[in-house]
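K.L.:
One structure, pasted below without further comment.
The values are calculated or read from the model by the stated rules, or taken from the named source; none is laboratory data. As the structure is a computational prediction, the values presented were derived from the model and not from experiment. Note that we place each Cβ from the backbone using ideal geometry, even for glycine, and neighbour counts take in every protein chain shown. Remember, those area values only see protein heavy atoms, side chains included, never the ligands or the DNA or RNA. Shrake-Rupley method; radii C 1.70, N 1.55, O 1.52, S 1.80 Å.
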Amino acid sequence: MRDARGTLTATLRSAQKPTPQQLERFSAFLERTYQRQVPLVWEKDDALRVGFRLQAGSDVYDWSMNGRIRQFQDCLRQIPPGQDDILPLMQQAIEHWQPTIVPEEIGYVLAVDSEIATVSGLDHAQYGEILMFSSGIKGMVQDLRQGELSCILFGDSEEIAAGSMVRRTLRTAAMPVGDGFLGRVVDATGLPVDGKGRIQAESCRPIENPAPGILDRQPVNRPMETGLLAIDAMFPIGRGQRELIIGDRQTGKTAIALDTILNQKGKNVVCIYVAIGQKTSSIAQMVENLSRRGAMDYTVVVTAPAGASATLQYIAPYAGCALGEYFMYKGRDVLIVYDDLSKHAIAYRTLSLLLERSPGREAFPGDVFYLHSRLLERSAHLSDQLGGGSMTALPIVETQAGDVSAYIPTNIISITDGQIFLESDLFFSGQRPAVNVGLSVSRVGGDAQTKAMKSAAGAIRLDLAQYREMAVFTQFSSDLDEATRRQLTYGQGLMHLLRQPQYAPLSQHQQVILLVSALSHVMQDIPLDQLDVFRRELLAQMEEEAPDLCQRIDRTGQLPKEDREEIVELARKFLKSFQAGGKHGG
C-alpha cells in the first residue's frame with residue numbers, strides 16, 4: 001500500500017509475531033524486488049494459522065497454507081479438459097509442482113448490492129476479467145473507476161460481505177466447448193442442467209471474441225432452408241446471414257426458429273438454441289419436442305431462464321456464440337437462435353442501472369447498440385482459408401403492439417441482414433406462419449436460393465402484392481367483374497398455400513412442386529376448404545409417380561424447363577382426378 005504521500009509501504013500479516021531474523025529477510029526481499037527500501041510493519045492475523053502474507057502496495061505475496069493450496073489448485077486447473085485418463089496428468093502435476101513467489105493482486109469488497117459487488121485495491125484489473133471471491137463465487141469486471149471497480153456476480157450475493165477478500169485470476173470469462181455438448185442442455189457457464197452427467201469438454205473459448213474481419217469472410221451464397229414455404233420462397237436465408245424474427249408476443253416467432261432447426265436434420269448443420277428469460281417449463285417442453293423428432297442429436301440448448309440472475313441472462317447469448325464459433329472454425333455450418341434479445345437487453349439494462357450507469361432512451365444505457373452488434377457481427381461465412389464454416393444467426397425480438405420503431409427493435413433491424421415480421425392480425429386470422437410480406441425482407445435475397453427455388457418462386461411476391469392492393473379496393477364492392485373475381489380467388493389461394501402447420505417443414509422438392517403448380521394456376525379452382533387436402537395428396541402423388549424428378553431437384557438444386565413442364569403436366573393430371581373425386585376424402 002501507499003501512504004498519504006504516495007510512498008510504498010508493506011504490511012506483513014501472520015498469527016505469530018515474526019522473529020527479527022525473519023523481518024530482516026522480508027525487508028531484504030522487498031528491497032531486492034522493488035529496488036529500494038520499503039518500510040515494513042507487522043499486523044497480527046489469527047486467520048493465518050500457518051505462514052505469512054506480505055502486501056506491498058497492491059501486490060500480495062501469500063506464503064500461508066491457504067495461499068499454497070490455492071497455487072496448487074491453479075496448477076491443477078491447467079490440465080486440459082476433456083482428457084479420458086486424467087489421473088496420470090494429475091500425478092505428473094503433483095510431482096513437478098513447486099510453490100512460486102509470484103505477487104497476487106488482492107482487493108477487498110467495499111459493498112454488495114443485489115448482483116453487483118464494488119471492490120477496491122485491484123488497480124490493474126481489466127474490463128471483462130474474472131475475479132475470485134474468498135467464498136468461491138466468481139465475478140466479472142464491468143466498471144473501472146479511480147480506486148475501485150464494480151463487477152457482476154455469478155453466484156449468490158448473500159455469500160459475500162463487505163471486507164471479503166477478492167483476487168484477480170488474469171482470465172476472462174470462457175465457455176467450455178466440444179462435440180460432447182451436442183444433444184445437451186447447459187446453463188450460461190457451460191454446466192449441464194439436463195441430469196445426464198458431466199460433459200467432456202475439449203477446450204474453452206472466451207465468450208467475448210472479435211468478429212471475423214472482411215478478409216476472413218466470403219459472400220453468403222448457400223441457402224439455410226427453413227422448410228417454411230413463405231420464407232424460403234420470398235425471404236431466403238443464407239448460411240452466415242443474420243435474419244431477425246420480429247413480432248408481438250405469441251405470434252409464432254419461436255415456432256419459426258424450431259421448424260428451421262427441425263429442417264436441418266441430415267444436413268450436417270449444428271444448431272444452438274439460446275433461451276433467455278423464458279419459463280423453465282417452456283424450455284423443457286421445447287427440448288422434449290426436439291427430442292421426440294430427433295433434432296436434439298445435432299442441437300445444443302443454452303438456457304438462462306426467467307429465474308436465473310440478470311448476469312447469467314446477460315452472458316448466455318455470448319456463451320452460445322462461443323460454442324457456435326468452436327464448430328464454425330472447424331469448418332462446420334452452425335445455426336444459432338437467440339430467443340430473445342428483448343429480454344437480453346432488459347437484463348443488461350438491469351445490470352447497468354445497478355452499476356449506476358446513466359440511463360438513456362427507455363432507461364437503456366448508451367452502449368446497448370454495441371451490446372447486440374458485437375454479438376451478431378460474429379456470425380459469418382468464413383473464407384476457405386479458415387475452413388469455410390459458417391454461423392447463421394436468427395435473433396428474435398418481441399415488439400409491443402407491432403411497434404417496430406421502438407429502441408431495441410430499430411437497433412437490431414439496423415444490425416441484421418433482414419427481418420421476418422410476424423403480424424398479430426394475420427396470426428389470429430389463421431395465417432400461420434403470420435409473415436407480413438410487405439414489411440419482411442432478406443437483404444441477401446436470391447443469392448441464398450438454389451436455382452430451382454428461384455425459378456419456382458417466380459413472381460409470387462408481386463402476385464401477392466397485387467392481391468393485397470386489390471383486396472383493399474374491393475372489400476366494400478359487391479359487383480365485381482369476372483377477371484377481378486378470379487384475381488382475388490387466385491390471391492386467396494396463394495395466401496392459403498403459404499399456411500403451414502408447426503413441426504412440418506417441407507423439403508426443397510416439395511416446395512418447388514407446390515410453387516410451380518400454384519403459380520401455373522393449377523390450383524385456381526380448388527375451394528379453399530379443400531386446398532390442404534389437395535396439396536397433401538398432390539405431393540404424395542408426385543413422389544409416387546416421379547421419384548426421380550423429386551430426387552433430382554433435391555440433389556442438383558436445378559429446375560430445367562423440361563422438369564417444370566413435367567411438374568405442371570402431372571399436377572394438371574392429378575387435378576382432373578381430384579375434381580372427379582378420385583382421391584380426396586379428408
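K.L.:
Which values, in whole Å and largest first, are the semi-axes of the equivalent ellipsoid of region 154-278 obtained as the square root of 5 times each eigenvalue of the Cα gyration tensor?
P.N.:
Values: eigenvalues 237, 77, 59 Å².
Its equivalent ellipsoid spans semi-axes of 34, 20, 17 Å.
K.L.:
With 5 Å bins from zero, work out the P(r) of region 466-537 over every alpha carbon pair and list the percent per bin.
P.N.:
3, 14, 25, 22, 16, 11, 6, 3, 0
K.L.:
Right, here's the next one. For a protection proxy built on the mean count of beta-carbon atoms within 10 angstrom, sort 173-179, 438-444 highest first, please. Could the numbers behind the result be given before it?
P.N.:
On the way: 173-179: 20.9, 438-444: 18.4.
Ranking, from highest mean packing down: 173-179, 438-444.
K.L.:
Compute for region 276-384: radius of gyration divided by Kirkwood radius, i.e. Rg/Rh, restricted to C-alpha atoms, rounded to two decimals. Can you show the working numbers first?
P.N.:
Values: Rg = 15.7 Å, Rh = 15.4 Å.
Here Rg/Rh amounts to 1.02.
K.L.:
Right, here's the next one. Summing +1 for each Lys or Arg and -1 for each Asp or Glu, what net charge is found among the other residues whose Cβ lies under 11 Å from the Cβ of Val177?
P.N.:
Numbers: positive: Arg205, Lys330; negative: Asp179, Glu202, Glu325.
Summing Lys and Arg as +1 and Asp and Glu as -1 gives -1.
K.L.:
If you split all Cα-Cα distances of the chain into 10 Å bins from zero, what percentages do you get per bin, shortest first?
P.N.:
Answer for the chain: a P(r) of 3, 14, 22, 20, 15, 10, 7, 4, 3, 1, 0, 0 percent.
K.L.:
With r as the distance between the Cβ atoms of Gln146 and Ser507 and R0 = 56 Å, compute the FRET efficiency 1/(1 + (r/R0)^6) and round to 0.05. Don't skip to the end; give the middle numbers.
P.N.:
Values: r = 62 Å, r/R0 = 1.10.
The computed FRET efficiency comes out at 0.35.
K.L.:
Which values of log₁₀ I(q)/I(0), to two decimal places, follow from the Debye formula for region 137-222 at q = 0.16, 0.26 Å⁻¹ with a uniform point scatterer at every Cα?
P.N.:
Debye curve over Cα of region 137-222, log10 I(q)/I(0) at q = 0.16, 0.26 Å⁻¹: -0.90, -1.29.
K.L.:
Also, I was wondering about something else. Using a probe radius of 1.4 Å on heavy atoms only, what accessible surface per residue do you get for region 462-512? Whole Å² is fine.
P.N.:
Normalised by residue count, the accessible surface of region 462-512 is 56 Å².
K.L.:
What is the Rg over Rh value, at two decimals, for region 351-390, using alpha-carbon atoms and the Kirkwood definition of Rh? Before the final figure, lay out each step's value.
P.N.:
Details: Rg = 16.2 Å, Rh = 12.4 Å.
Rg/Rh for region 351-390 comes to 1.30.
K.L.:
I need the semi-axes of the equivalent ellipsoid of region 368-467: take the C-alpha gyration tensor, multiply each eigenvalue by 5, square-root it, list largest first in whole angstrom.
P.N.:
Details: eigenvalues 139, 106, 20 Å².
Value: 26, 23, 10 Å, ordered largest first.
K.L.:
How long are the semi-axes of the equivalent ellipsoid of region 534-586, defined as square roots of 5 times the Cα gyration tensor eigenvalues? Whole Å, largest first.
P.N.:
On the way: eigenvalues 104, 28, 10 Å².
For region 534-586, the semi-axes come out at 23, 12, 7 Å.
K.L.:
Can you give the net charge of the other residues whose Cβ lies under 14 Å from the Cβ of Ile283, counting K and R as +1 and D and E as -1?
P.N.:
Working: positive: Arg184, Lys279, Lys343; negative: Asp187, Asp194, Glu288, Asp339, Asp340.
Here the count lands on -2.
K.L.:
In terms of modelled amide H atoms, which long-range or inter-chain residues lie less than 5 Å from the amide H of Arg171?
P.N.:
Result for Arg171 returns Ile130.
K.L.:
Testing the spin-label approximation: label points 7 Å from Cα along Cα→Cβ at Asp548 and Arg49. State their distance in nm.
P.N.:
Inter-label distance under the simple model: 8.5 nm.
K.L.:
Quick one: 3J(HN,Hα) in Hz for region 181-192, Karplus 6.51/-1.76/1.60 with θ = phi - 60°, rounded, Gly and Pro as x.
P.N.:
Per residue, the Karplus-derived 3J(HN,Hα) values read 7, 4, x, 10, 10, 10, 8, 5, 9, x, 7, x Hz.
K.L.:
Here's another thing I want to ask about it. If you line up the long axis of helix 65-77 against the longest principal axis of the chain, both from Cα atoms, how many degrees apart are they, to the nearest 10?
P.N.:
Computed tilt is about 30 degrees.
K.L.:
A follow-up question, please. Hey, can you find the accessible area per residue of region 303-349 for me, probe 1.4 Å, expressed in square angstrom?
P.N.:
Details: 910 Å² over 47 residues.
That works out to 19 Å² for each residue.
K.L.:
A further question on this structure: Using only Cα atoms, locate the centre of region 112-160 and the centre of region 169-236, then give the distance between them in Å, rounded to an integer.
P.N.:
If you average the Cα positions of each part, the centres end up 27 Å apart.
K.L.:
Which percent, to the nearest 5, of DSSP beta bridges fully inside the chain are antiparallel? Walk me through the numbers on the way to the answer.
P.N.:
Details: 48 of 85 bridges.
Roughly 55 percent of the beta bridges in the chain run antiparallel, per DSSP.
K.L.:
Need one number: nm distance between label points at Thr556 and Arg36, each 7 Å from Cα along Cα→Cβ, rounded to one decimal.
P.N.:
It is 8.2 nm.
K.L.:
Next question, about the same structure. With +1 on each Lys and Arg Cβ and -1 on each Asp and Glu Cβ, and nothing else charged, work out how big the dipole of the chain is about its Cα centre, in Debye to the nearest 20. Write out the running numbers ahead of the final one.
P.N.:
Details: 60 positive and 70 negative charges, 158 e Å.
Charge dipole, the chain, about its Cα centre: 760 debye, nearest 20.
K.L.:
Could I ask something else about it? Counting only protein heavy atoms and a 1.4 Å probe, tell me what percentage of region 122-249's accessible area is made up of carbon and sulfur. Walk me through the numbers on the way to the answer.
P.N.:
Values: 2840 of 5500 Å².
On region 122-249, the fraction of accessible area on carbon and sulfur atoms equals 52 percent.
K.L.:
Just add up the charged neighbours of Glu243: K/R +1, D/E -1, any other residue whose Cβ is under 10 Å from the Cβ of Glu243.
P.N.:
Taking every other residue near Glu243 into account, the sum is +1.
K.L.:
Something else: Taking N as the number of residues in region 427-487, what is its alpha-carbon radius of gyration divided by 2.2 N^0.38 Å?
P.N.:
Working: Rg = 15.0 Å, N = 61, 2.2 N^0.38 = 10.5 Å.
Ratio of Rg to 2.2 N^0.38 Å for region 427-487: 1.43.
K.L.:
For the chain, what is the calculated [θ] at 222 nm in deg cm²/dmol (nearest 500), taking -39500 (n - 2.57) for each run of four or more DSSP H residues and dividing by its residue count? Could you put the intermediate results ahead of the total?
P.N.:
Working: 18 runs with 220 residues, N = 586.
The helix-only estimate for the chain comes to -11500 deg cm²/dmol at 222 nm.
K.L.:
Follow-up question, since we're still on this one. If you plug each phi of region 297-313 into the Karplus form 6.51 cos²θ - 1.76 cosθ + 1.60 with θ = phi - 60°, what whole-Hz ³J(HN,Hα) values come out, in order, with x for Gly and Pro?
P.N.:
After applying 6.51 cos²θ - 1.76 cosθ + 1.60, I find 4, 10, 10, 10, 10, 9, 10, 9, x, 4, x, 6, 5, 4, 4, 5, 5 Hz.
K.L.:
Roughly what angle does helix 341-354 make with the longest principal axis of the chain, taking Cα atoms, 0 to 90 degrees, to the nearest 10?
P.N.:
30 degrees
K.L.:
Using a ≥ b ≥ c from the Cα gyration tensor of region 429-586 (square roots of the eigenvalues), is it rounded, prolate or oblate, where a/c under 1.5 gives rounded and otherwise the larger of a/b and b/c decides, a/b for prolate?
P.N.:
On the way: a/c = 1.76, a/b = 1.22, b/c = 1.44.
Note, shape of region 429-586 comes out oblate.
K.L.:
Taking only Cα atoms, what is the 0 to 90° angle, nearest 10, from helix 547-556's long axis to the longest principal axis of the chain?
P.N.:
40 degrees
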